[in-house]
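Worksheet for the structure shown next.
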Amino acid sequence: MPLDKLFRSSKRFLEEIGQHTGQWLEEVISDPKLQKVLRELPFDLGTQMSQVEQQLMVFLSGILPENLDVSRLFEQVESRFKQVWLEMGGIVQFGDRYVDAVQVIMSIVIRTRLFQYYSSRLNEEEKLQKEALLHEKNAIELTDLCKRQKGAWIKAAQFLSCRADWLPLVYLDHLGTLQDQAPATEWIEVEKILVQELGAEWEQMFLELDRTPVATASIAQVHKGILKRNNQPIALKIQHPDVSAMIKADLKFFQMVSQLVNRVEGIDVKQFIKELSRSILLELDYYQEARNLNEFCSSYRKTTWKFPLLIPELLTTRTLGMEFVEGMPVRDFLKNTPGVAPLVLKELVGSFMQQIFSVGIFHADPHPGNFFVTPTGQIAILDYGALGRLTPQETSHFQKIMLALLFHLYVDYATILTQAGFHVSDPQRLNDALHNASVPQEGLLQLQFYLQILKEVEVEIPDSFILMIRVLISLGGLLAQYQVKLDFQELASSLL
């Protein structure tokens with residue numbers, strides 16, 4: 001059996017773990033229904049791992065170093081699988097879709113680890129070629145998985161697609177396709193939601209409402225229409241059926257995974273899941289999003305940015321109506337006109353700097369699917385499920401911290417952090433770590449590195465600062481993706 005088909009066979013990693021499973025079910029899983037589900041799964045871990053070993057032995061012969069005990073390698077892999085599933089067996093209560101998720105993720109992990117084992121035997125040109133093919137295959141499988149899973153997986157893909165400091169460009173390109181083109185809900189299901197939310201006569205509110213969505217995201221899809229009362233073009237956001245329950249299950253699954261994996265390839269998994277959960281749960285509440293939209297519009301009425309106005313009569317638990325904003329997603333706009341990337345992205349970064357360090361109310365979900373370029377060249381900012389808010393004192397303190405970190409101002413970092421509400425347990429250790437740091441990135445991506453240093457020296461960081469930093473790091477990733485650099489003067493000007 002080919003390796004890929006083997007890894008994608010049904011229920012391949014949820015195994016009974018031999019004779020230990022019965023005892024484990026009684027001791028660990030107290031729910032009789034869950035015990036029954038686990039016992040009914042088709043199991044055979046030992047056979048499948050033997051097949052893996054047989055398939056790969058031939059492939060690895062002559063490639064791996066002679067002193068590497070391949071049999072021992074597979075014993076360790078099999079042992080680790082058993083350990084993981086003993087710890088995570090309860091995930092089956094969330095459904096078969098999570099079996100699919102683990103299958104794909106384990107395939108990617110094993111394929112990557114094997115490449116790391118044999119790549120040292122390749123010359124540099126061969127290594128780069130095979131590494132490019134590996135990342136391409138992994139990126140496609142991960143994107144397809146997120147597309148199939150929907151729910152919080154789409155949101156995670158959108159978040160990761162902005163992180164040039166975490167992932168190679170090929171992952172950003174593939175995951176970025178889910179920024180505004182996630183799988184759509186069929187119209188027959190959309191109609192049921194409209195009847196439930198707007199009433200049986202909902203059609204009387206519109207001159208027309210397109211059945212094909214103009215954009216689809218993790219939580220909802222957007223349909224363009226025209227209001228009957230004033231002929232106004234509107235965008236109607238409609239939540240996917242059962243999306244709330246699905247996302248909450250997804251987040252539980254992610255949290256379980258984060259307990260097993262502390263850091264993966266430089267990614268702080270626990271912090272990532274925490275931020276993802278906070279953001280996506282806020283976006284499920286359309287009444288909160290409506291309040292956010294009104295607050296943002298009031299705060300930035302005099303700016304040159306474009307944002308939609310709320311349509312109150314279309315606001316319900318699962319529908320949100322707004323003025324329709326003409327334009328093109330920034331991703332598509334820059335694909336068509338790459339030469340203007342510096343102008344557009346610097347304007348975008350400047351807008352966020354003003355939001356954070358001037359007004360203190362900022363858009364907290366800065367993935368490219370939420371930014372449009374209008375026909376008149378304005379930056380349009382969409383989707384207000386998550387806003388960040390800073391007090392004037394926080395804004396002032398955070399500005400000082402940013403200037404000190406980004407421009408390597410050798411000051412007493414512990415003092416300015418303490419004044420900003422951080423808890424610094426060892427001031428000397430913190431100052432030494434920051435003074436001696438060798439920063440691997442440029443511009444806003446430096447912030448990811450500094451954030452990690454703060455955690456390593458056990459500094460307690462305010463949630464408001466972490467949210468602000470995440471937004472700026474995402475913008476830094478967007479700049480890096482399009483190879484746009486902010487020079488020293490531009491960055492200082494934006495901060496001040």
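The values are calculated or read from the model by the stated rules, or taken from the named source; none is laboratory data. All values reported here derive from a predicted model rather than from experimental measurement. Cβ coordinates were reconstructed from backbone atoms using ideal geometry, including for glycine residues, and neighbour counts include every protein chain displayed. Note: areas computed on protein heavy atoms with side chains; ligands, DNA, RNA excluded. Shrake-Rupley method; radii C 1.70, N 1.55, O 1.52, S 1.80 Å.
Observations on the model:
Every residue, every condition in (1) within 25 Å of LEU284 (Cβ to Cβ); (2) basic (Lys, Arg); (3) modelled with pLDDT under 85, yes or no:
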position	(1), (2), (3)
ALA101	yes, no, yes
LEU114	no, no, yes
GLU125	no, no, yes
ALA139	no, no, no
ASP180	yes, no, yes
PRO183	yes, no, yes
LEU194	yes, no, no
SER218	yes, no, yes
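- Residues being touching a helix residue (DSSP H, G or I) at 6+ places or on another chain (Cβ under 8 Å), open to solvent by 30 Å² or more (accessible area, probe 1.4 Å) and farther than 23 Å from HIS240 by Cα - total across segment 275-324: 2
- Considering residues of segment 325-343 that are among the β-branched types (Val, Ile, Thr) and open to solvent by less than 20 Å² (accessible area, probe 1.4 Å) only, the residue nearest to GLN196 (Cα to Cα): VAL325
- Within segment 452-462, considering residues that are assigned to a helix (DSSP H, G or I) and open to solvent by 20 Å² or more (accessible area, probe 1.4 Å), the one nearest to LEU345 (Cα to Cα): GLN452
- Qualifying positions in segment 121-159 - outside any helix (DSSP H, G or I) and under 14 Å from the mean Cα position of the chain (by Cα): LYS150
- Test: GLN204 is touching a residue at least 40 places away in the same chain (Cβ under 8 Å) and surrounded by fewer than 18 Cβ atoms within 10 Å (Cβ to Cβ): no
- A search for C-beta distances below 7 Å between a residue of segment 408-432 that is part of a loop (DSSP other than H, G, I, E, B) and any residue that is of a type in the set (D, E, K, R), counting only pairs 6+ apart in sequence or on different chains, returns PHE422/GLU460; SER425/GLU458.
- In segment 354-366, of all residues being buried (at least 21 other Cβ atoms within 10 Å of the Cβ) and not acidic (Asp, Glu), the one that is nearest to the chain's Cα centre (by Cα) corresponds to PRO366.
- Summed over segment 207-252, residues that are open to solvent by 80 Å² or more (accessible area, probe 1.4 Å) and within 30 Å of GLN158 (Cα to Cα) total 5.
- Options ILE273, ILE280: the member that is in a helix (DSSP H, G or I), in contact (Cβ under 8 Å) with a residue 24 or more places away in the chain, out of contact with any strand residue (DSSP E or B) (no Cβ under 9 Å at 6 or more places or on another chain) and closer than 30 Å to ILE108 by Cβ: ILE280
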